[in-house]
Amino acid sequence: MDYILYLLIFCIGALFGSFFTLAVYRIPIGQDITHTRSYCPKCNHKLGFWDMIPIFSYVFLGGKCRYCKEKIRPRYLLLEVLSGLVFVLFALSIKFSIFFITPKTVIYLIVGALYLASLFIIAGIDKERIKIEKPVLLFGFICVAIYMIYLYIVEEDASIYRYVIYLMLSCLLLLFSIVYLRKKGEDSYPIDVLILSMLMVLYTYETVYIGTVIITLIATSIQLLITKLHNKKSKVVKKVKVENKKIPIGFYMCVANIVVLIATNFMVFYL
């Protein structure tokens, strides 16, 4: 029965992954992500039901649009598969089983899925645009805040003051980012990264966040090194000045946080 359960979780994760690709494309350009039907970004033809089945539609259509035959980027398939696998690993990491289902584990799984969803979308947008969308951050904070209220009332968690402090700091940073920096026309990306950090600390606690920071520093250092070597080679070959690309810190933080969170869950629940 657990095999069927995890197959279902994978399908739900893949479905979320399909939504992530839509959200990553539409949110930065201000398009609706809930009521407007999916369409091909090349020919603008609205997609039918058989065009939107996660993984299978991509495979059966040969990675092309049914209507204009334009190639579909492989990232759509990759994100759907990866999302399904992450959801399964998260469920496995908390020993989610059909034989031992409790309200506590179900709620933790649901909130965890919503938290992971916010990280997926933040990472996808930041990877392409070096930008952390505040509406997605707000969605993450709302989900985590509701979960914290549940823990305090139902589970009688005494850490309410910790949650309130982090939420207040996050709200202040968010207001500062929206009002002051936007008014001055300055880049709020560092502040947005700090707000993202607050969200991660709230849900995953300080220990997981420290691991997230360590992995992020390693990953960004590797990218800096690769970029520097590539630019040096380009200057030698082409004799032209090569601009340094900005590093998507939010992307690396989200990926690292997902990895550390799942790994920590495995250690806590299995050891």
Among K64, K42, K46, the single one that is over 26 Å from V136 (Cβ atoms), surrounded by fewer than 14 Cβ atoms within 10 Å (Cβ to Cβ) and not assigned by TED's automatic domain parsing to the domain that holds I132 is K64
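Of all residues in the stretch 235-251 being touching a Lys or Arg at 6+ places or on another chain (Cβ under 9 Å) and not charged (D, E, K, R), which is modelled with the lowest pLDDT? Give the steps one after another, and end with the answer.
Of all residues in the stretch 235-251, those touching a Lys or Arg at 6+ places or on another chain (Cβ under 9 Å) come to 235, 241-242, 244, 248, 250-251.
Then drop every residue that is not not charged (D, E, K, R), which leaves 242, 244, 248, 250-251.
Working: V242: 43, N244: 51, P248: 94, G250: 96, F251: 97.
Across the stretch 235-251, the extreme among qualifying residues is V242.
So is V136 under 30 Å from K245 (Cα atoms) and part of a helix (DSSP H, G or I) or not?
Working: under 30 Å from K245 (Cα atoms): yes; part of a helix (DSSP H, G or I): yes.
Yes: the conditions hold for V136.
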Considering only residues that are in a loop (DSSP other than H, G, I, E, B) and not hydrophobic (A, V, I, L, M, F, W, C), which ones fall in the stretch 43-65? N44, H45, G48, P54, G62, G63
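Yes or no: the stretch 72-80 includes at least one residue that is out of contact with any helix residue (DSSP H, G or I) (no Cβ under 7 Å at 6 or more places or on another chain) and surrounded by 15 or more Cβ atoms within 10 Å (Cβ to Cβ). Don't jump to the end; show me each part of the working.
Restricting attention to the stretch 72-80, the residues satisfying the condition of being out of contact with any helix residue (DSSP H, G or I) (no Cβ under 7 Å at 6 or more places or on another chain) are 73-75, 78.
Next, only the ones that are surrounded by 15 or more Cβ atoms within 10 Å (Cβ to Cβ) stay: none.
So far as the stretch 72-80 goes, no, none of its residues is out of contact with any helix residue (DSSP H, G or I) (no Cβ under 7 Å at 6 or more places or on another chain) and surrounded by 15 or more Cβ atoms within 10 Å (Cβ to Cβ).
To keep it simple, each residue is scored yes or no on (1) in contact with a Leu (Cβ under 7 Å, 6 or more places away or on another chain); (2) of a type outside the set (S, T, Y); (3) not in a helix (DSSP H, G or I).
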| site | (1), (2), (3) |
| --- | --- |
| I4 | no, yes, no |
| I9 | no, yes, no |
| A14 | no, yes, no |
| T21 | yes, no, no |
| Y25 | no, no, no |
| I33 | yes, yes, yes |
| P41 | no, yes, yes |
| Y67 | no, no, yes |
| L77 | no, yes, no |
Under 6 Å by Cβ, and 6 or more places apart or on different chains, what pairs join a residue from the stretch 143-157 that is assigned to a loop (DSSP other than H, G, I, E, B) with one that is of a type outside the set (S, T, Y)? D157/L151
With (1) surrounded by fewer than 19 Cβ atoms within 10 Å (Cβ to Cβ); (2) in the same structural domain as P248 (by TED's automatic domain parsing); (3) part of a helix (DSSP H, G or I) as the list, and G124 as the residue in question, which single condition is left unmet? (1)
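Within the stretch 79-110, can you find the residues that are in a loop (DSSP other than H, G, I, E, B) and aromatic (F, W, Y)? Before you say what the answer is, go through the steps one by one.
Taking the stretch 79-110 first, the residues in a loop (DSSP other than H, G, I, E, B) are 94-102.
Within the stretch 79-110, F96, F99, F100 qualify.
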Scanning the stretch 92-121 for residues that are hydroxyl-bearing (S, T, Y) and crowded, with 17+ Cβ neighbours inside 10 Å, which turns out farthest from Y163 (Cα to Cα)? S93
Selection from the stretch 85-131 of residues of a type in the set (G, A, S), farther than 19 Å from Y150 by Cα and within 13 Å of the chain's Cα centre (by Cα) yields A117, S118, A123, G124
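The values are calculated or read from the model by the stated rules, or taken from the named source; none is laboratory data. Quick caveat: nothing in here was measured; it's all calculated off a predicted structure. With ideal geometry, Cβ positions are generated from the backbone for all residues, glycine too; neighbour counts draw on all protein chains shown.
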